[in-house]
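The values are calculated or read from the model by the stated rules, or taken from the named source; none is laboratory data. Since the model is a prediction, treat every value here as computed from it, not as a measurement. Cβ coordinates were reconstructed from backbone atoms using ideal geometry, including for glycine residues, and neighbour counts include every protein chain displayed. Only protein heavy atoms, including side chains, enter the accessible area calculation; ligands, DNA and RNA are left aside. Shrake-Rupley method; radii C 1.70, N 1.55, O 1.52, S 1.80 Å.
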Amino acid sequence: MSRARRVLGVAGAVAGVAAAGTAAELVRRRRDIASRDALDATPLGSLRAPGRTVIADDGVPLHVEVDELDPEAAADQRSDLTIIFVHGYALSMGCWHFQRAAYRGLVRSVFYDQRSHGRSGRSSMENATIDQLGSDLARVLEEQVPEGPVVLVGHSMGGMTIVALAEQHPELFGSRVVGVGLVSTTAGGLDVGRLLLPVVPAKLAGPRLGRALGKAMVPIARGHRVIDLARRWGASMAMIGTDLFAFGGEVPESYVRFVDRMLAETPFEVVAEFFPSFSELDKFHVVDVLSRVPVSIICGTADRMTSIGHSRKLHARIQGSSLLEVAGAGHMVVMESHDQVNAELDQLLAAAAERAARP
């Protein structure tokens, strides 16, 4: 659920100017991003599979892609597992590029675009909620993994989606679902005002401002075309905003451009429709259900969107969970520190396979 585009769309110009200070500084920062080396073996976003369609319970078509298991991997202890990757706010399945590259052919993996994101169909405004996303995940699980053990991995809003599923279908955890990965996420308590206006002091951007902004998003959504145009005009500032608020340290320019493109491709109307759900999210009472299975919680210590405190609170509430704090990484830790994230997911898959093997 990257709130970076929230920062960029609603307060992008303000944040960009405040961060850059002058036109010369703006150019310098853009050059700094461009100078970083990016030698990825596989171009970002190039990993694809034939598209499938899952119809949500309200009729919205969800775009799904499945990386099937390589027959030669059949002897692997994890080969009977399926992983479902659930992406975040204003992103798409492409955010899982490095995980998809790591597990392609080795573990059956299901990727899908959340409603109104990526290649999936548009949701009605009333169904642009975290609870509806939980129902969508249940439908994807039912249709794409009709049998066998499943590991769910969610980033940001994707983690909230998994928590919503746990609230709606607790019986799945410990039976069908044998492992959970929660990356840069929370189950509630988001200061949405702070997320939208990170340049405002925390004492000014509290819950009251967050509630006001949530209400304001409804009329803003209806005027989204003007805001979308402004976002395109402010492309350079948007790039710097993405770099500042999605990543904790220096990353290759290709990473920044790739995330910025996903954010820019999400219409502001969609951003506005989902926004109120974050101020209303309150599901920490649910997460104990996840204690039935191995759980890996991952977060960067420099995450400006869902700060490390949220992950620590999840860890304290989910018995037996592990917590990986990635020093200096930001909200897009799945890209920025993908080696560490994948190593933790390896441990999760091993524990999940062991859990699945129990009678």
Note, ³J(HN,Hα) from phi for the stretch 300-306, Karplus 6.51, -1.76, 1.60, rounded to Hz, x at Gly and Pro: x, 6, 10, 5, 8, 9, 10
Dipole magnitude of the stretch 43-149, debye to nearest 20 (Cβ charges: Lys/Arg +1, Asp/Glu -1, about Cα centre): 420 debye
Carbon and sulfur %, accessible surface of the stretch 92-155 computed with the full protein complex present, 1.4 Å: 45 percent
From phi via Karplus (6.51, -1.76, 1.60), per-residue ³J(HN,Hα) for the stretch 132-143 in Hz, x at Gly/Pro: 5, 4, x, 5, 4, 4, 4, 5, 4, 4, 4, 8
Amide H within-cut-off set for F173, under 5 Å, with H built and near neighbours excluded: none
Amide H contacts of I297 (H built 1.01 Å from N, under 5 Å, at least 5 apart or other chain): L182, S322, L323, L324
Alpha-carbon centroid distance for the pair the stretch 138-193 / the stretch 311-329, whole angstrom: 16 Å
Projected label distance in nm at S291 and R122, using a 7 Å step from Cα toward the beta-carbon: 4.4 nm
Label-point gap, in nm, between D191 and A41 - each point 7 angstrom along Cα→Cβ: 4.2 nm
Pairwise label distance in nanometres, E280 with D57, each label 7 Å out on the Cα-Cβ vector: 1.6 nm
In Hz, Karplus ³J(HN,Hα) per residue of the stretch 242-259 (6.51, -1.76, 1.60; θ = phi - 60°; x = Gly, Pro): 4, 4, 6, 9, 9, 10, x, x, 6, 10, x, 4, 4, 5, 4, 5, 5, 5
Accessible solvent surface per residue of the stretch 229-359, calculated while the other protein chains remain in place, 1.4 angstrom probe, Å²: 40 Å²
Nearest-20 debye value, the stretch 276-359 charge dipole, Cβ charges on Lys, Arg, Asp, Glu: 320 debye
